[in-house]
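What follows is a single structure, written as structure tokens, with notes after it.
What follows draws every value from the coordinates through simple rules; no lab data is involved. This is a predicted model, so every value here is computed, not measured. Cβ sites come from the backbone with ideal geometry, for glycine too, and all protein chains shown count toward neighbours.
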Amino acid sequence: MSPEQLDLFQNPLQRAQELKKAGELTQARTLLQRLVHESPDNLSARSMLADIFYRTGHYKEALAQAAEILRRDPKEPRALTVSGNVMLERKQPAAAAEYFSAALEIAPTDYLRLRLAECYLKLGQLVEAKNALDQVEGESQSLAFLLVRFWLFLEQKEQTQARQVFLQATSVAAPDKQIFARQILKFLSLCPITLAVELASLARGRTGQERNPYLIIYEASLSLKLRRPQRAEELLTLLAEVDLTPSLLRERQKLVHRLARYKRLPADS
């Protein structure tokens, strides 16, 4: 037996954790399912399996594993957390808040405080959301924290503070253009359309993001919705000088056709 095979045999949970960290979720799930089958009382394996089911969108299976854990240990925080996450994905924030609150009493973490704040925001309970957010400690500069704080300011109609938080987020977001756009679009998706356009432009003020094609396409699309064809045309012109992936080229072409129809001109003019 090779050292790798011996390690897998002797430390399957550790190996599953390594696979999970590496993003090899299918392999990790297979290993954990075998481990749970062989050792049904291994709650650590069940917890990790439940989390992988949640992360891969298998919510029914995630809840089944979490329920089995809670049957054995009603105060197992990882199972409570997975249950809360699934409830939040299923648009049941009240139920999710109960799970997160229970988990917080046992194992208080910033992650749980942020998730609880999200639940309260979805429920329109702004005071409770702020209280949960105020208890966050080590994550106060993270994108996850800034996103929830930004959301809270929007709900409170405090757009000046929301803009300040957004600018802070642009300084924290990853420099890679695609990742930067994906992270920033989470903020913009919470905004009314006029504010989203304004903030998309602000985001491109960060050094290196001036011609971020993902944000330009997003901003151009919203500009057309706002009946601002001249602005959309200016943005699409910027893209002519940027190397685009095939998918971005297709998105740009769709916008060019939309702009042409808006202006009642031939698409190739």
Using a Förster distance of 41 Å, the FRET efficiency for residue 189-residue 38 (Cβ separation, nearest 0.05)
0.40
Calculated from backbone phi, Karplus (6.51, -1.76, 1.60) coupling profile of region 87-92 in Hz, x at Gly/Pro
4, 5, 5, 8, 6, 10
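How large is the dipole of the chain about the Cα centre if only Lys and Arg carry +1 and Asp and Glu carry -1, each at its Cβ, rounded to the nearest 20 debye?
Working: 38 positive and 32 negative charges, 257 e Å.
Dipole magnitude for the chain comes out near 1240 debye.
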Could you state the angle between the C-alpha long axis of helix 110-122 and the longest principal axis of the C-alpha atoms of the chain, as a value from 0 to 90 degrees rounded to the nearest 10?
60 degrees
Amide N proximity, region 129-161 versus residue 202 label position 7 Å along Cα-to-Cβ, cut-off under 19 Å:
141-161
Computed log₁₀ I(q)/I(0) - Debye formula, equal Cα scatterers, no solvent, region 173-269, q 0.18 Å⁻¹
-0.80
Within the chain, what's the longest run with no GluC sites (Glu not before Pro) in a DSSP loop and at most 15 other beta-carbon atoms within 10 Å? Give the range, please.
25-136
Cα-based Rg/(2.2 N^0.38 Å) for the chain, rounded to two decimals, is 1.24
Could you work out how far helix 246-263 tilts from the main Cα principal axis of the chain, as a 0 to 90 degree angle to the nearest 10?
40 degrees
Leading residue at positive end of dipole, the chain (Cβ point charges), from 217, 144, 94
217
Enumerate the calculated ³J(HN,Hα) couplings along region 143-158 in order (Karplus 6.51 cos²θ - 1.76 cosθ + 1.60, θ = phi - 60°), each rounded to whole Hz, writing x wherever the residue is Gly or Pro.
4, 4, 5, 4, 5, 5, 5, 4, 4, 4, 4, 4, 5, 8, 6, 9
Quick one: angle between helix 193-203 and the longest Cα principal axis of the chain, in degrees between 0 and 90, rounded to 10, please.
90 degrees
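Could you pull out the longest piece of the chain with no exposed loop trypsin sites (Lys or Arg not before Pro) in it, calling a site exposed if DSSP puts it outside H, G, I, E, B and it has at most 10 other Cβ atoms within 10 Å? Kindly include the intermediate steps, with their values, before the conclusion.
Working: sites that count: 91, 157, 227, 264.
Formally, the longest exposed-site-free interval is 1-90.
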Here the net charge surrounding residue 235, from other residues whose Cβ is less than 11 Å away from its Cβ (Lys, Arg +1; Asp, Glu -1), is +2
Derived scalar couplings ³J(HN,Hα) [region 31-44; Karplus, 6.51 cos²θ - 1.76 cosθ + 1.60; whole Hz; x for Gly, Pro]:
5, 5, 4, 5, 5, 5, 4, 7, 9, x, 8, 7, 5, 5
Please give the length that would be gained between residue 158 and residue 55 if that part of the chain were fully extended, namely 0.36 nm times their separation in residues minus their C-alpha to C-alpha distance (nm, one decimal).
33.8 nm
Arrange 172, 148 by Cβ neighbour counts within 10 Å, fewest through most, would you?
172, 148
